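What follows is calculated from the coordinates using simple rules that are stated; it is not laboratory data. Small disclaimer: the values here were computed from a predicted structure and weren't measured. Quick reminder, even Gly has a Cβ in these numbers, built from the backbone with ideal geometry, and neighbours come from all protein chains shown.
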Amino acid sequence: MGVVRICLRCASSHLTGPELVASITAYFRQVANPPDADIANFMAQGMVRSLETGACFCSLGQKNHELAYIKTGIVRYFVTLPDGEEASKDFSVAGSFTLSFGSTAARLPAQVAIAAVVPTEIVVWPYQLLLDLYASNQEWQKLGRRIAEMLYIRKEQRELSFLLLDAPARYRQFCKQFGSYADQIPQYYIASYLGIRPQSVSRLRKKLAINLGE
């Protein structure tokens with residue numbers, strides 16, 4: 001039986017907090033050097049949303065695409081299979097951006113949903129704002145290109161893990177990638193992401209704890 005998920009409409013408020021602004025600016029500066037005035041304008045248009053556990057930031061079929069920075073919490077990317085079951089494609093955690101990238105780039109309704117795994121706070125912008133910035137300055141174009149490259153690399157690495165690694169190795173890689181956040185993600189989501197049964201996740205978790213001497 002598929003998981004029934006209610007996508008809640010979340011209240012928004014204007015972005016505040018110099019630390020958050022500094023964090024997002026630093027994220028941009030890792031790969032590009034957009035003008036300070038553009039960054040200030042971008043920040044001014046951000047809106048903060050609080051997502052309860054299970055609430056969607058992006059629903060399947062959503063047409064008004066948005067970009068979000070995860071201030072706190074964890075989100076899950078998932079699709080609904082023909083039998084009604086959900087399949088977890090990936091996760092993003094605090095300190096990173098999130099959007100349904102493939103559908104957004106192709107100008108299609110969202111084919112991948114994004115929902116909060118735990119109570120999560122995000123900062124949201126219309127995706128069109130980012131497109132306008134791409135058109136205005138080469139540094140923003142550089143930023144967009146680098147983000148696309150990183151997403152492609154991440155996708156390829158995940159595909160290779162299924163071809164080259166066994167289940168225990170994929171689980172160890174998952175734990176390394178998500179660190180302490182891994183313990184906050186339900187086992188059935190992890191199992192779906194790794195392509196194994198929830199019972200297998202429990203056994204792998206216990207085995208890894210023993211090997212680490214916990």
Task: Cβ-Cβ FRET estimate between Thr25 and Gln184, R0 fixed at 25 Å, reported to 0.05 - done: 0.40
Task: Positive-end residue of Gly95, Tyr188, Val123, charge dipole of the chain with Cβ unit charges - done: Tyr188
- [ ] Excluding residues fewer than 8 places away in the same chain, name every one of the lysines whose C-alpha is closer than 21 Å to that of Lys63.
- [x] Lys89
Open item on the list: If you average the C-alpha positions of region 172-199 and of region 76-131 separately, how far apart do those two centres end up, in angstrom?
Closed with: 18
- [ ] Rounded to whole Å and sorted largest first, list the principal axis extents of the Cα atoms in region 152-214.
- [x] 35, 21, 20
TODO: Round to the nearest 10 and give me the degree value, 0 to 90, for the angle of helix 138-164's Cα axis relative to the longest principal axis of the chain.
DONE: 10
- [ ] Find which of Ile114, Phe178, Ile70 sits farthest along the positive direction of the dipole of the chain, computed with +1 on the beta-carbon of Lys and Arg, -1 on that of Asp and Glu, about the Cα centre.
- [x] Phe178
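Which peptide among 60-73, 83-96, 113-126 comes first, and what is the full order, when sorted by highest mean count of other Cβ atoms within 10 Å?
Working: 60-73: 18.1, 83-96: 15.9, 113-126: 21.4.
Averaged packing, sorted descending, gives the order 113-126, 60-73, 83-96.
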Task: Proximal aspartates and glutamates relative to Lys71, as straight alpha-carbon distance under 20 Å, when same-chain residues fewer than 8 apart are discounted - done: Glu19, Glu52, Asp90, Glu121, Asp183
Open item on the list: Among 149-157, 17-25, how do they line up by average Cβ neighbours within 10 Å per residue, starting with the highest?
Closed with: 17-25, 149-157
Task: Student exercise, region 73-202 dipole from Lys, Arg, Asp, Glu Cβ charges, in Debye to nearest 20 - done: 280
Open item on the list: I'm spelling it out carefully: the read-out is percent of Cα pairs over 30 Å apart, the candidates are [x] 26; [y] 46; [z] 30, and one was derived from this structure. Which label?
Closed with: [x]
